[in-house]
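The values are calculated or read from the model by the stated rules, or taken from the named source; none is laboratory data. Predicted, not measured: the structure shown is a model, and the values here were computed from it. Neighbour counts run over all protein chains shown; Cβ positions are idealised from the backbone, glycine included.
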(Lines give C-alpha, C1' and ligand atoms only; values in the text may rest on other atoms or scores of the structure.)
Protein backbone atom coordinates (compact mmCIF):
# COMPACT_ATOMS: atom_id res chain seq x y z
CA UNK A 1 0.00 0.00 0.00
CA UNK A 2 1.53 3.31 -1.08
CA UNK A 3 1.15 6.67 0.69
CA UNK A 4 -1.83 7.77 -1.42
CA UNK A 5 -3.69 4.52 -0.77
CA UNK A 6 -2.94 4.76 2.94
CA UNK A 7 -4.14 8.37 3.10
CA UNK A 8 -7.36 7.39 1.33
CA UNK A 9 -7.89 4.50 3.74
CA UNK A 10 -7.39 6.77 6.77
CA UNK A 11 -9.98 9.24 5.47
CA UNK A 12 -12.45 6.47 4.69
CA UNK A 13 -11.99 5.06 8.19
CA UNK A 14 -12.74 8.45 9.74
CA UNK A 15 -15.95 8.66 7.72
CA UNK A 16 -16.97 5.13 8.73
CA UNK A 17 -16.53 5.86 12.43
CA UNK A 18 -18.35 9.18 12.16
CA UNK A 19 -21.26 7.64 10.28
CA UNK A 20 -21.86 4.88 12.83
CA UNK A 21 -20.61 6.68 15.96
CA UNK A 22 -18.37 3.74 16.69
CA UNK A 23 -18.52 0.05 15.76
CA UNK A 24 -20.44 -1.80 18.48
CA UNK A 25 -23.73 -1.51 20.37
CA UNK A 26 -25.79 -3.30 23.02
CA UNK A 27 -28.94 -5.13 21.95
CA UNK A 28 -31.73 -6.70 24.00
CA UNK A 29 -31.98 -10.50 24.02
CA UNK A 30 -35.54 -10.62 25.34
CA UNK A 31 -38.65 -8.67 24.33
CA UNK A 32 -40.13 -5.86 26.40
CA UNK A 33 -43.58 -5.43 24.89
CA UNK A 34 -45.96 -6.12 27.76
CA UNK A 35 -46.20 -5.68 31.53
CA UNK A 36 -45.51 -9.41 31.87
CA UNK A 37 -42.30 -9.01 29.86
CA UNK A 38 -41.23 -6.17 32.14
CA UNK A 39 -42.07 -8.15 35.26
CA UNK A 40 -39.99 -11.11 34.08
CA UNK A 41 -36.96 -9.20 32.85
CA UNK A 42 -36.95 -6.57 35.57
CA UNK A 43 -38.94 -6.04 38.76
CA UNK A 44 -40.37 -7.98 40.52
CA UNK A 45 -39.22 -11.21 38.77
CA UNK A 46 -35.54 -10.36 38.70
CA UNK A 47 -35.41 -10.43 42.49
CA UNK A 48 -35.51 -14.23 42.44
CA UNK A 49 -32.52 -14.29 40.12
CA UNK A 50 -30.63 -12.00 42.51
CA UNK A 51 -31.45 -14.30 45.44
CA UNK A 52 -30.18 -17.33 43.53
CA UNK A 53 -26.88 -15.63 42.75
CA UNK A 54 -26.51 -14.38 46.31
CA UNK A 55 -26.71 -18.00 47.50
CA UNK A 56 -24.18 -19.18 44.90
CA UNK A 57 -22.06 -16.71 42.92
CA UNK A 58 -21.45 -19.31 40.24
CA UNK A 59 -25.09 -18.91 39.25
CA UNK A 60 -24.10 -15.58 37.66
CA UNK A 61 -22.66 -17.72 34.86
CA UNK A 62 -26.06 -19.36 34.37
CA UNK A 63 -28.37 -16.38 34.74
CA UNK A 64 -26.48 -13.30 33.47
CA UNK A 65 -24.40 -11.92 30.64
CA UNK A 66 -21.25 -12.93 32.56
CA UNK A 67 -20.99 -16.24 30.72
CA UNK A 68 -20.37 -14.54 27.38
CA UNK A 69 -18.81 -11.20 28.22
CA UNK A 70 -15.19 -10.01 28.13
CA UNK A 71 -13.77 -6.68 29.26
CA UNK A 72 -11.06 -5.26 27.00
CA UNK A 73 -8.91 -3.28 29.43
CA UNK A 74 -6.29 -0.75 28.33
CA UNK A 75 -4.59 2.40 29.53
CA UNK A 76 -3.68 3.43 25.98
CA UNK A 77 0.04 3.33 26.72
CA UNK A 78 1.17 1.11 23.81
CA UNK A 79 -1.50 1.29 21.11
CA UNK A 80 -0.54 -0.28 17.77
CA UNK A 81 2.38 1.77 16.41
CA UNK A 82 1.04 4.97 17.96
CA UNK A 83 2.62 4.61 21.39
CA UNK A 84 1.26 6.18 24.59
CA UNK A 85 -1.85 7.93 23.26
CA UNK A 86 -4.04 7.61 26.36
CA UNK A 87 -7.41 6.09 27.16
CA UNK A 88 -9.60 8.36 25.04
CA UNK A 89 -7.59 7.84 21.86
CA UNK A 90 -7.42 4.09 22.54
CA UNK A 91 -11.21 3.66 22.41
CA UNK A 92 -11.42 3.05 18.62
CA UNK A 93 -8.84 0.25 18.82
CA UNK A 94 -10.46 -1.44 21.83
CA UNK A 95 -13.84 -1.09 20.16
CA UNK A 96 -12.39 -2.74 17.07
CA UNK A 97 -11.10 -5.58 19.23
CA UNK A 98 -14.63 -5.97 20.62
CA UNK A 99 -15.92 -6.18 17.06
CA UNK A 100 -13.49 -9.04 16.33
CA UNK A 101 -14.60 -10.89 19.46
CA UNK A 102 -18.21 -10.66 18.29
CA UNK A 103 -17.55 -11.44 14.63
CA UNK A 104 -15.28 -14.43 15.10
CA UNK A 105 -16.37 -15.94 18.43
CA UNK A 106 -19.83 -14.54 19.21
CA UNK A 107 -18.47 -12.97 22.42
CA UNK A 108 -19.87 -9.72 23.79
CA UNK A 109 -16.82 -7.62 24.62
CA UNK A 110 -16.67 -4.04 25.84
CA UNK A 111 -13.83 -1.49 26.00
CA UNK A 112 -12.72 -0.35 29.46
CA UNK A 113 -10.16 2.41 28.87
CA UNK A 114 -8.24 4.15 31.63
CA UNK A 115 -6.79 7.54 30.88
CA UNK A 116 -3.41 7.73 32.59
CA UNK A 117 -0.45 5.38 32.21
CA UNK A 118 0.54 6.24 35.78
CA UNK A 119 -2.81 5.12 37.21
CA UNK A 120 -2.72 1.86 39.14
CA UNK A 121 -5.99 0.40 37.91
CA UNK A 122 -5.62 -3.15 39.26
CA UNK A 123 -8.14 -2.55 42.07
CA UNK A 124 -10.60 -0.99 39.64
CA UNK A 125 -10.42 -4.04 37.40
CA UNK A 126 -10.91 -6.32 40.40
CA UNK A 127 -14.04 -4.39 41.30
CA UNK A 128 -15.65 -4.69 37.86
CA UNK A 129 -14.79 -8.40 37.51
CA UNK A 130 -18.21 -9.64 38.74
CA UNK A 131 -19.81 -8.50 35.45
CA UNK A 132 -17.37 -10.23 33.12
CA UNK A 133 -16.41 -13.81 32.29
CA UNK A 134 -12.92 -12.79 31.21
CA UNK A 135 -10.50 -9.87 31.03
CA UNK A 136 -8.47 -9.18 27.89
CA UNK A 137 -5.61 -6.82 28.73
CA UNK A 138 -4.67 -4.86 25.63
CA UNK A 139 -2.06 -2.32 24.50
CA UNK A 140 -0.50 -1.73 27.92
CA UNK A 141 3.20 -0.87 27.80
CA UNK A 142 5.85 -3.13 29.34
CA UNK A 143 6.72 -3.67 32.12
CA UNK A 144 3.38 -2.49 33.55
CA UNK A 145 1.49 -5.05 31.42
CA UNK A 146 3.32 -7.90 33.17
CA UNK A 147 2.67 -6.48 36.63
CA UNK A 148 -1.05 -5.91 35.97
CA UNK A 149 -1.57 -9.41 34.58
CA UNK A 150 0.28 -11.05 37.47
CA UNK A 151 -1.73 -9.09 40.03
CA UNK A 152 -5.08 -10.17 38.55
CA UNK A 153 -4.57 -13.93 38.30
CA UNK A 154 -6.49 -14.58 41.53
CA UNK A 155 -9.81 -12.91 40.64
CA UNK A 156 -11.55 -16.11 39.57
CA UNK A 157 -11.91 -15.41 35.83
CA UNK A 158 -9.44 -15.66 32.94
CA UNK A 159 -7.14 -12.65 32.64
CA UNK A 160 -4.85 -12.67 29.60
CA UNK A 161 -2.63 -10.02 28.10
CA UNK A 162 -3.23 -10.74 24.43
CA UNK A 163 -0.12 -8.94 23.18
CA UNK A 164 1.90 -11.44 25.22
CA UNK A 165 0.08 -14.74 25.17
CA UNK A 166 -2.07 -14.40 22.06
CA UNK A 167 1.05 -13.58 20.08
CA UNK A 168 3.05 -16.37 21.73
CA UNK A 169 0.33 -18.95 21.01
CA UNK A 170 0.22 -17.89 17.37
CA UNK A 171 4.00 -17.98 16.97
CA UNK A 172 4.20 -21.43 18.55
CA UNK A 173 1.55 -22.71 16.12
CA UNK A 174 3.36 -21.21 13.13
CA UNK A 175 6.67 -22.63 14.30
CA UNK A 176 5.26 -26.12 14.76
CA UNK A 177 4.08 -26.15 11.14
CA UNK A 178 7.26 -24.50 9.88
CA UNK A 179 9.18 -27.37 11.44
CA UNK A 180 6.89 -29.89 9.72
CA UNK A 181 7.65 -28.29 6.36
CA UNK A 182 11.38 -27.61 6.85
CA UNK A 183 12.07 -30.92 8.61
CA UNK A 184 13.75 -29.06 11.48
CA UNK A 185 13.40 -30.53 14.97
CA UNK A 186 11.50 -28.17 17.29
CA UNK A 187 13.60 -28.94 20.36
CA UNK A 188 16.83 -28.35 18.41
CA UNK A 189 15.94 -24.85 17.18
CA UNK A 190 18.21 -21.88 17.77
CA UNK A 191 16.00 -18.80 17.70
CA UNK A 192 16.56 -15.06 17.70
CA UNK A 193 13.76 -12.85 19.02
CA UNK A 194 13.96 -9.16 18.16
CA UNK A 195 11.97 -7.17 20.71
CA UNK A 196 11.92 -7.56 24.50
CA UNK A 197 8.55 -5.91 25.16
CA UNK A 198 5.25 -7.66 25.83
CA UNK A 199 5.21 -9.81 22.68
CA UNK A 200 8.91 -10.70 22.78
CA UNK A 201 8.74 -11.62 26.45
CA UNK A 202 5.62 -13.73 25.96
CA UNK A 203 7.05 -15.56 22.95
CA UNK A 204 10.34 -16.27 24.69
CA UNK A 205 8.63 -17.51 27.85
CA UNK A 206 6.51 -19.99 25.90
CA UNK A 207 9.25 -21.26 23.58
CA UNK A 208 11.70 -21.67 26.48
CA UNK A 209 9.01 -22.82 28.94
CA UNK A 210 9.93 -20.08 31.42
CA UNK A 211 7.40 -20.40 34.22
CA UNK A 212 5.47 -23.10 32.34
CA UNK A 213 4.68 -26.58 33.55
CA UNK A 214 7.53 -28.69 32.08
CA UNK A 215 5.18 -31.66 31.74
CA UNK A 216 3.12 -29.85 29.08
CA UNK A 217 5.71 -27.53 27.53
CA UNK A 218 8.50 -28.45 25.09
CA UNK A 219 11.37 -25.98 24.93
CA UNK A 220 13.57 -25.09 21.99
CA UNK A 221 17.33 -25.52 22.21
CA UNK A 222 18.15 -21.84 22.77
CA UNK A 223 16.88 -18.32 22.24
CA UNK A 224 18.80 -15.07 21.97
CA UNK A 225 16.69 -11.98 22.67
CA UNK A 226 17.66 -8.59 21.29
CA UNK A 227 16.37 -5.14 22.21
CA UNK A 228 17.39 -1.68 20.99
CA UNK A 229 20.77 -2.08 22.72
CA UNK A 230 21.56 -5.41 21.11
CA UNK A 231 21.80 -8.90 22.58
CA UNK A 232 20.51 -9.42 26.11
CA UNK A 233 23.08 -11.38 28.11
CA UNK A 234 23.88 -11.97 31.77
CA UNK A 235 26.76 -9.51 31.97
CA UNK A 236 25.05 -6.57 30.27
CA UNK A 237 24.91 -3.44 32.39
CA UNK A 238 21.58 -2.07 33.53
CA UNK A 239 19.56 -5.30 33.48
CA UNK A 240 18.85 -5.11 37.22
CA UNK A 241 16.62 -2.10 36.53
CA UNK A 242 14.20 -4.27 34.54
CA UNK A 243 13.04 -7.42 36.30
CA UNK A 244 11.74 -9.00 33.11
CA UNK A 245 14.86 -8.46 31.01
CA UNK A 246 16.83 -9.82 33.96
CA UNK A 247 14.71 -12.97 33.81
CA UNK A 248 15.34 -13.26 30.06
CA UNK A 249 19.08 -12.86 30.58
CA UNK A 250 19.08 -15.71 33.09
CA UNK A 251 17.00 -18.11 31.00
CA UNK A 252 18.26 -17.51 27.44
CA UNK A 253 21.50 -17.09 25.46
CA UNK A 254 23.25 -20.13 26.91
CA UNK A 255 26.48 -19.35 25.06
CA UNK A 256 26.64 -15.83 26.50
CA UNK A 257 26.81 -14.20 23.10
CA UNK A 258 27.05 -10.38 23.02
CA UNK A 259 26.80 -7.84 20.23
CA UNK A 260 24.20 -6.72 17.72
CA UNK A 261 21.16 -8.31 16.10
CA UNK A 262 23.38 -9.24 13.15
CA UNK A 263 25.71 -11.08 15.54
CA UNK A 264 22.77 -12.89 17.11
CA UNK A 265 21.50 -14.14 13.74
CA UNK A 266 24.79 -15.83 12.86
CA UNK A 267 23.88 -19.55 12.56
CA UNK A 268 20.30 -19.15 13.84
CA UNK A 269 17.49 -21.37 12.58
CA UNK A 270 14.66 -18.91 13.22
CA UNK A 271 14.17 -15.15 13.35
CA UNK A 272 11.09 -13.83 15.18
CA UNK A 273 10.59 -10.09 14.89
CA UNK A 274 8.21 -8.12 17.13
CA UNK A 275 10.14 -4.89 17.04
CA UNK A 276 10.76 -2.30 14.32
CA UNK A 277 10.58 -1.99 10.52
CA UNK A 278 13.48 -2.67 8.21
CA UNK A 279 16.09 -3.70 10.78
CA UNK A 280 16.98 -7.04 9.13
CA UNK A 281 18.97 -7.15 5.90
CA UNK A 282 19.38 -9.86 3.32
CA UNK A 283 22.98 -10.30 4.41
CA UNK A 284 21.84 -11.09 7.97
CA UNK A 285 19.53 -13.81 6.65
CA UNK A 286 22.29 -15.28 4.49
CA UNK A 287 24.34 -15.76 7.67
CA UNK A 288 21.60 -17.84 9.30
CA UNK A 289 21.50 -21.64 9.26
CA UNK A 290 20.28 -23.68 6.27
CA UNK A 291 16.59 -23.28 5.41
CA UNK A 292 16.05 -20.33 7.77
CA UNK A 293 12.58 -19.51 9.08
CA UNK A 294 11.76 -15.80 9.21
CA UNK A 295 8.74 -14.39 11.06
CA UNK A 296 8.96 -10.61 10.58
CA UNK A 297 5.86 -9.44 12.44
CA UNK A 298 6.28 -5.69 12.90
CA UNK A 299 3.24 -3.85 11.54
CA UNK A 300 2.58 -2.28 9.15
CA UNK A 301 6.18 -2.58 7.87
CA UNK A 302 7.96 -5.80 8.87
CA UNK A 303 11.57 -6.10 10.01
CA UNK A 304 12.37 -7.38 6.52
CA UNK A 305 10.11 -7.44 3.49
CA UNK A 306 9.27 -10.93 2.18
CA UNK A 307 10.88 -10.39 -1.24
CA UNK A 308 14.19 -9.41 0.37
CA UNK A 309 14.05 -12.37 2.76
CA UNK A 310 13.22 -14.77 -0.07
CA UNK A 311 16.11 -13.57 -2.26
CA UNK A 312 18.44 -14.02 0.71
CA UNK A 313 17.43 -17.67 1.08
CA UNK A 314 14.65 -17.66 3.68
CA UNK A 315 12.85 -21.00 3.40
CA UNK A 316 9.63 -20.00 5.18
CA UNK A 317 8.51 -16.39 5.63
CA UNK A 318 5.69 -15.08 7.81
CA UNK A 319 4.56 -11.56 8.63
CA UNK A 320 1.82 -9.94 10.67
CA UNK A 321 0.08 -8.71 7.53
CA UNK A 322 -2.89 -10.19 5.72
CA UNK A 323 -1.65 -9.20 2.25
CA UNK A 324 1.32 -11.63 2.40
CA UNK A 325 1.25 -15.43 2.79
CA UNK A 326 1.58 -16.88 6.29
CA UNK A 327 -0.03 -14.21 8.44
CA UNK A 328 1.28 -14.75 11.98
CA UNK A 329 -1.10 -12.54 13.93
CA UNK A 330 -2.72 -12.95 17.34
CA UNK A 331 -6.14 -12.34 15.76
CA UNK A 332 -6.19 -16.03 14.85
CA UNK A 333 -5.77 -17.03 18.51
CA UNK A 334 -7.58 -14.80 20.99
CA UNK A 335 -11.22 -15.32 19.86
CA UNK A 336 -10.95 -19.09 20.22
CA UNK A 337 -8.97 -18.93 23.46
CA UNK A 338 -11.59 -16.78 25.18
CA UNK A 339 -14.47 -18.71 23.58
CA UNK A 340 -13.10 -21.92 25.06
CA UNK A 341 -12.40 -20.32 28.43
CA UNK A 342 -15.95 -18.90 28.61
CA UNK A 343 -17.50 -22.20 27.53
CA UNK A 344 -15.66 -23.87 30.41
CA UNK A 345 -16.59 -21.04 32.82
CA UNK A 346 -12.87 -21.16 33.60
CA UNK A 347 -11.27 -19.63 36.67
CA UNK A 348 -8.13 -18.69 34.73
CA UNK A 349 -6.15 -19.53 31.61
CA UNK A 350 -3.64 -22.28 32.31
CA UNK A 351 -0.45 -23.40 30.57
CA UNK A 352 -2.36 -26.39 29.23
CA UNK A 353 -5.00 -24.14 27.67
CA UNK A 354 -2.45 -21.95 25.88
CA UNK A 355 -0.52 -24.89 24.48
CA UNK A 356 -3.74 -26.65 23.49
CA UNK A 357 -4.70 -23.53 21.53
CA UNK A 358 -1.37 -23.50 19.69
CA UNK A 359 -1.65 -27.18 18.81
CA UNK A 360 -5.22 -26.69 17.60
CA UNK A 361 -4.16 -23.84 15.29
CA UNK A 362 -1.24 -25.83 13.90
CA UNK A 363 -3.32 -28.99 13.52
CA UNK A 364 -6.03 -27.16 11.62
CA UNK A 365 -3.62 -26.84 8.68
CA UNK A 366 -3.70 -30.42 7.45
CA UNK A 367 -1.03 -30.14 4.76
CA UNK A 368 1.25 -27.20 5.57
CA UNK A 369 3.56 -25.85 2.89
CA UNK A 370 6.09 -23.05 2.60
CA UNK A 371 3.31 -20.64 1.64
CA UNK A 372 0.66 -22.05 3.96
CA UNK A 373 1.62 -22.73 7.59
CA UNK A 374 -1.26 -20.78 9.20
CA UNK A 375 -5.05 -20.92 8.85
CA UNK A 376 -6.80 -17.77 7.64
CA UNK A 377 -7.99 -15.35 10.32
CA UNK A 378 -11.47 -15.22 8.78
CA UNK A 379 -12.12 -18.98 9.02
CA UNK A 380 -14.61 -19.33 11.89
CA UNK A 381 -14.03 -23.08 12.00
CA UNK A 382 -10.58 -22.28 13.37
CA UNK A 383 -12.21 -20.51 16.32
CA UNK A 384 -14.36 -23.56 17.02
CA UNK A 385 -11.35 -25.88 16.85
CA UNK A 386 -9.36 -23.69 19.26
CA UNK A 387 -12.33 -23.25 21.60
CA UNK A 388 -12.94 -26.98 21.81
CA UNK A 389 -9.28 -27.68 22.58
CA UNK A 390 -9.10 -24.89 25.18
CA UNK A 391 -12.34 -26.00 26.87
CA UNK A 392 -11.09 -29.60 27.10
CA UNK A 393 -7.76 -28.40 28.50
CA UNK A 394 -9.56 -26.25 31.09
CA UNK A 395 -11.54 -29.29 32.25
CA UNK A 396 -8.44 -31.50 32.32
CA UNK A 397 -6.43 -28.92 34.29
CA UNK A 398 -9.18 -28.48 36.88
CA UNK A 399 -10.12 -24.82 36.31
CA UNK A 400 -13.54 -25.32 34.71
CA UNK A 401 -16.72 -24.59 36.67
CA UNK A 402 -19.80 -26.79 36.67
CA UNK A 403 -22.71 -24.34 36.69
CA UNK A 404 -25.34 -26.75 35.42
* Asked: From the residues in segment 86-117 that are modelled with pLDDT under 95, part of a loop (DSSP other than H, G, I, E, B) and out of contact with any helix residue (DSSP H, G or I) (no Cβ under 6 Å at 6 or more places or on another chain), which one is surrounded by the most Cβ atoms within 10 Å (Cβ to Cβ)?
  -> 117
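Residue check: is residue 309 surrounded by 22 or more Cβ atoms within 10 Å (Cβ to Cβ) and under 30 Å from residue 57 (Cβ atoms)? I'd like the intermediate steps shown before the answer.
On the way: surrounded by 22 or more Cβ atoms within 10 Å (Cβ to Cβ): yes; under 30 Å from residue 57 (Cβ atoms): no.
Against the criterion (surrounded by 22 or more Cβ atoms within 10 Å (Cβ to Cβ) and under 30 Å from residue 57 (Cβ atoms)), residue 309 does not qualify.
For residues that are assigned to a helix (DSSP H, G or I) and free of Cβ contacts under 8 Å to residues at least 12 places away in the same chain, scanning just segment 118-134, find the one that is nearest to residue 87 (Cα to Cα).
Of all residues in segment 118-134, those assigned to a helix (DSSP H, G or I) come to 122-131.
From what is left, the residues that are free of Cβ contacts under 8 Å to residues at least 12 places away in the same chain are 123-124, 127.
Working: 123: 17, 124: 15, 127: 19 Å.
The selected residue is 124.
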* Asked: Which condition does residue 398 not pass, out of (1) crowded, with 19+ Cβ neighbours inside 10 Å; (2) part of a loop (DSSP other than H, G, I, E, B), if it passes all the others?
  -> (1)
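Quick grid of which residues meet (1) out of contact with any helix residue (DSSP H, G or I) (no Cβ under 6 Å at 6 or more places or on another chain); (2) buried (at least 16 other Cβ atoms within 10 Å of the Cβ); (3) more than 16 Å from residue 197 (Cα to Cα):
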position	(1), (2), (3)
249	no, yes, no
252	yes, yes, no
269	yes, yes, yes
279	yes, yes, yes
290	yes, no, yes
305	yes, yes, yes
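Being in a loop (DSSP other than H, G, I, E, B) and closer than 14 Å to residue 222 by Cβ is the filter here, so list the residues in segment 253-287 that pass it.
253, 254, 255, 256, 257, 266, 267, 268, 269, listed by residue number.
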* Test each condition in (1) touching a helix residue (DSSP H, G or I) at 6+ places or on another chain (Cβ under 7 Å); (2) touching a residue at least 12 places away in the same chain (Cβ under 8 Å) for residue 258 and report the one that comes out false. => (1)
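Looking at 175, 152, which is the one that is surrounded by 17 or more Cβ atoms within 10 Å (Cβ to Cβ), under 19 Å from the mean Cα position of the chain (by Cα), outside the structural domain of residue 279 (by TED's automatic domain parsing) and more than 26 Å from residue 20 (Cα to Cα)?
Numbers: 175 fails: outside the structural domain of residue 279 (by TED's automatic domain parsing).
After ruling out the rest, the residue left standing is 152.
When you check residue 359 against the structure, is it assigned to a loop (DSSP other than H, G, I, E, B) and either assigned by TED's automatic domain parsing to the domain that holds residue 216 or crowded, with 18+ Cβ neighbours inside 10 Å (or both), yes or no? Walk me through it before giving the result.
Working: assigned to a loop (DSSP other than H, G, I, E, B): no; either assigned by TED's automatic domain parsing to the domain that holds residue 216 or crowded, with 18+ Cβ neighbours inside 10 Å (or both): yes.
Taking the combined requirement at face value, the residue does not satisfy it.
Of the residues 99, 137, only one is closer than 30 Å to residue 246 by Cβ, outside the structural domain of residue 379 (by TED's automatic domain parsing) and in contact (Cβ under 8 Å) with a residue 24 or more places away in the chain; which? So that I can check it myself, show each step before the final result.
Details: 99 fails: closer than 30 Å to residue 246 by Cβ.
Of 99, 137, the one residue that is closer than 30 Å to residue 246 by Cβ, outside the structural domain of residue 379 (by TED's automatic domain parsing) and in contact (Cβ under 8 Å) with a residue 24 or more places away in the chain is 137.
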* Say whether the condition of being closer than 30 Å to residue 2 by Cα, assigned by TED's automatic domain parsing to the domain that holds residue 212, in a helix (DSSP H, G or I) and in contact with a strand residue (DSSP E or B) (Cβ under 7 Å, 6 or more places away or on another chain) is met by at least one residue in segment 298-307. => yes
* Only one of these conditions is not met by residue 214: (1) in contact with a helix residue (DSSP H, G or I) (Cβ under 7 Å, 6 or more places away or on another chain); (2) part of a loop (DSSP other than H, G, I, E, B); (3) over 19 Å from residue 143 (Cα atoms). Which number is it? -> (1)
* Asked: Does segment 66-79 contain any residue that is farther than 18 Å from residue 135 by Cβ, surrounded by fewer than 20 Cβ atoms within 10 Å (Cβ to Cβ) and out of contact with any strand residue (DSSP E or B) (no Cβ under 9 Å at 6 or more places or on another chain)?
  -> no
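Could you list all residues from segment 324-356 that are in a loop (DSSP other than H, G, I, E, B) and in contact (Cβ under 8 Å) with a residue 24 or more places away in the chain?
To start, the set of residues in segment 324-356 that are in a loop (DSSP other than H, G, I, E, B) comprises 324-326, 328-329, 333, 344-350.
Of everything in segment 324-356, those that are in a loop (DSSP other than H, G, I, E, B) and in contact (Cβ under 8 Å) with a residue 24 or more places away in the chain turn out to be 325, 326, 328, 329, 333, 344, 345, 346, 347, 348, 349, 350.
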* To do: Considering every residue within segment 312-323, establish whether at least one is over 24 Å from the mean Cα position of the chain (by Cα), modelled with pLDDT of 95 or more and farther than 22 Å from residue 186 by Cα.
  => yes
